[in-house]
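Read through the structure below, which is laid out as structure tokens, and then see the notes.
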Number of protein chains: 2
Amino acid sequence: MGKVVAEVSISLDGYVAGPSPTLEEPLGKGGELLHQWILRLKTFRELHGMEGGEVDSDDEVMAESVRAQGAVVMGRRMFSGGEGPWEDDPNAAGWWGDEPPFHKPVFVVTHHDREPLVLGETTFTFVTDGVTAAVEQARAAAPAELDVLIAGGADTIDHALAAGVVDELQLHVAPVLLGGGTRLFAGLGAERPRLELASVRESPYASHLRYRIA
Amino acid sequence: MGKVVAEVSISLDGYVAGPSPTLEEPLGKGGELLHQWILRLKTFRELHGMEGGEVDSDDEVMAESVRAQGAVVMGRRMFSGGEGPWEDDPNAAGWWGDEPPFHKPVFVVTHHDREPLVLGETTFTFVTDGVTAAVEQARAAAPAELDVLIAGGADTIDHALAAGVVDELQLHVAPVLLGGGTRLFAGLGAERPRLELASVRESPYASHLRYRIA
């Protein structure tokens, strides 16, 4: 049986996005530095229909995650950057164009009802009854032996951690201090899970800390 | 020539102490969880005049640091938990009793003048002109080939990073979410150093991330 794994890139000072995100700069000021480790990788480029790319310990980390994932859960903001009714969202088709890099079912947690959206090999299903319901739907859509990825953003991961539906948390810690932005763990309140270190891998670009939720 | 190394234990959510520190609970609520990795070690126990203790990868990390350190810099709060004039500080002799575990010169950054304090093999010198001056005095006191340790707290490390006097930063990341307390890096403002990963080591008790300041 697959696991539910929350996975996100984070700065050493705890931010998963920089300050002042916009449609042009969805990760906020400096936020692109969080993803330097991944953009250059063969696995990343393949998923985006590009050739080439580096094959190293970071690529191994990414390739293992991607192979293990049978379905994805994400928040509305990670999907489009927007909020409120979909007809007012200028990015309602998401960030990824006609061929999103997921190639598996994606469940988007939102307050606003919407029919599923099919783009290339990816179907986005919109879930209005919370992250736990989205994880259940993702679990049902994924092959039993594969994982459900909770991809972000911070709020969605925090809600999932607080709801107790996460089995493992993988943080890709970039060697950068953003100084501001969106913090992971800020929405946990008193519902803080107990963690056990599962594995550590590293490259000059990121330290990959993986924890089991106890 | 030795380096200037800032070193501190930190929670996965970025706190170097829990909320509401007191004289009885100097590390705040839950703060003792940050140091689970170290209290059980042979090197730690030796420094505190105790026998026994575990010898493992954490002990190796600690022993290497201790061997490399020729002098220590810390803030007033780390020394005593107090502030203001020394005569009003109920903990003016520090936390460690008659035999502090340093066994090398310690320089305490404070706003309040005071004669040096000798306890066992440790001399505490009180420096009133800031962390850069304290690092200079520590550098002069340490054997040339040994490092100067900046031991904390968060403010002192932040000031030292902002002042550009730190060569390396070692974070001992405990697998714990404190949910509140004293954050490292909160005092940096726009003076954020560039980091390069130098090494990663881990045990179930802590991930030791070491960065060079670029």
Taking the conditions exactly as written (modelled with pLDDT of 95 or more, away from chain B (no Cβ under 14 Å) and under 17 Å from A:His208 (Cα atoms)), does A:Val16 satisfy them or not? no
Under the condition of being open to solvent by 30 Å² or more (accessible area, probe 1.4 Å) and either in a strand (DSSP E or B) or more than 9 Å from chain B (Cβ to nearest Cβ) (or both), which residue from region A:166-183 is farthest from B:Glu196 (Cα to Cα)? A:Asp167
Take the conditions in a strand (DSSP E or B) and touching a helix residue (DSSP H, G or I) at 6+ places or on another chain (Cβ under 8 Å) and apply them to B:Phe126. Does it pass? no
Please specify each residue of region A:105-137 satisfying the condition of being closer than 26 Å to A:Ala163 by Cβ, of a type in the set (Gly, Ala, Ser) and without any contact (Cβ under 8 Å) to a residue 60 or more places away in the chain. A:Gly130, A:Ala133
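Residues checked against (1) of a type in the set (D, E, K, R); (2) surrounded by fewer than 21 Cβ atoms within 10 Å (Cβ to Cβ); (3) in contact (Cβ under 8 Å) with a residue 12 or more places away in the chain:
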position: B:Glu64; (1), (2), (3): yes, yes, no
position: B:Gly70; (1), (2), (3): no, yes, yes
position: B:Met74; (1), (2), (3): no, no, yes
position: B:Arg77; (1), (2), (3): yes, no, yes
position: B:Trp95; (1), (2), (3): no, yes, yes
position: B:Asp98; (1), (2), (3): yes, yes, yes
position: B:His103; (1), (2), (3): no, yes, yes
Being more than 9 Å from every other protein chain (Cβ to nearest Cβ), closer than 28 Å to A:Leu197 by Cα and open to solvent by less than 10 Å² (accessible area, probe 1.4 Å) is the requirement here; does B:Ile157 meet it? yes
Which one of these is of a type in the set (A, V, I, L, M, F, W, C) and in contact with a strand residue (DSSP E or B) (Cβ under 6 Å, 6 or more places away or on another chain): A:Leu27, A:Leu39, A:Leu47, A:Leu23? A:Leu27
Would you confirm whether any residue within region A:135-144 is in a loop (DSSP other than H, G, I, E, B) and surrounded by 15 or more Cβ atoms within 10 Å (Cβ to Cβ)? yes
B:Glu121 - would you say it is open to solvent by 50 Å² or more (accessible area, probe 1.4 Å) and more than 21 Å from B:Gly18 (Cβ to Cβ)? yes
So which residues in region B:184-214 are open to solvent by 60 Å² or more (accessible area, probe 1.4 Å), under 19 Å from A:Ser11 (Cβ atoms), assigned to a strand (DSSP E or B) and within 9 Å of chain A (Cβ to nearest Cβ), if there are any at all? B:Glu196
Taking region A:158-214 on its own, how many of its residues are within 23 Å of B:Trp37 (Cβ to Cβ) and not charged (D, E, K, R)? 23
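The values are calculated or read from the model by the stated rules, or taken from the named source; none is laboratory data. All values reported here derive from a predicted model rather than from experimental measurement. Cβ: placed from backbone, ideal geometry, glycine included. Neighbour counts: every protein chain shown. Heavy atoms of the whole protein, side chains included, go into the accessibility calculation; ligands, DNA and RNA do not. Shrake-Rupley method; radii C 1.70, N 1.55, O 1.52, S 1.80 Å.
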